[in-house]
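The values are calculated or read from the model by the stated rules, or taken from the named source; none is laboratory data. Nothing here was measured: the structure is a model prediction, and the numbers come from that model. Ligands, DNA and RNA are stripped out before the accessible areas are found, and what is left, the full protein with its side chains, is counted by its heavy atoms. Shrake-Rupley method; radii C 1.70, N 1.55, O 1.52, S 1.80 Å.
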Amino acid sequence: MAPAFERERRSVRITRRCLGGLASHADIWFCLFVCVVPFLALRVYSFTGPGGTSAIENFQYVVGSVGENLFWSIRIAFLSLAIDLAIALPAAYAIVRYPFPGKRFLYSALALPLYVPGAVIGISLVLTFNFTYHLTTSVWGLVLAMTVGTFPLMLTPLIVALKDLPPVFEEAAECLGASRWQTFWRIVFPLIGPGVSAGLMLSFIIVFNEYLVTLFVHPPEVTTAPLRIFNLVRTAGLLPTTAALAVTMQLISFAAVLLFFRVFGTRYLKGTYLI
């Protein structure tokens, strides 16, 4: 009796485990379906949308008529990333390596743009740029606006990378006669390279696809690709050419994410502990 009862109990346990596994897989596939279908629909529409245009014509329109908008998006993104990195590197190093009161509060304040709606940031920047810096409707005003919005995304991976880097590397370099500047650029910076790349990738994705803050502070002569999509949808509806532009932006963003995952993985995107 005992062996038979034990076999029956084991079979029930195996059945429950199989059902749990099937339910988990079904949930994953359902979430994947919900998240991926809109992107697939946009791609299909960009190839076969109404209006008599072919897929080649739709993407030729992107290269010809919207190429300047893509150029502005990439240019604004790279300028913002350069400023972000120049500010975030010393800030992250100071937060991790030096003890001072109010460190957690300071980091929370620096991360505030992540939790504020884009419209609120846009209005705040318009007021600040207009009355303080006189940068309203200028290219550099737009660059600084993108920098303000993405600075926490640059700072957080750098803090994680520096937390993972033991100070003994710097101490050893200084014992061998290296200056603080040489230690940072020859030892610290190469070792936190994956964290730098994570910050650059995250910031690039946000800046390249941002339109709401851009709507508030962009100069009249500058129209980025996301803002062009917004204007086209608002004035002419969702045309196949507009869908082709959206697909092009998706592919650029997706390629940046894939390249980062291929080279570095996800380690420095996990801010499980910071300070």
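Observations on the model:
- Rg/Rh for segment 65-269 stands at 1.03; both radii use Cα atoms, and Rh follows the Kirkwood definition.
- Of Ile206, Ile159, the order by accessible heavy-atom surface (1.4 Å probe, DNA, RNA and ligands excluded), from most exposed downward, is Ile206, Ile159.
- Radius, Kirkwood style, for segment 160-266 when every pair of distinct Cα atoms is counted (Å): 17.1 Å
- In the assembled protein chains, Asp164 presents an accessible area of approximately 50 Å² (probe radius 1.4 Å).
- Shape summary: segment 132-206 maps onto an equivalent ellipsoid whose semi-axes, from the alpha-carbon gyration tensor, are 33, 15, 9 Å in decreasing order.
- Accessible-area value, Glu68, 1.4 Å probe, nucleic acids and ligands omitted, Å²: 120 Å²
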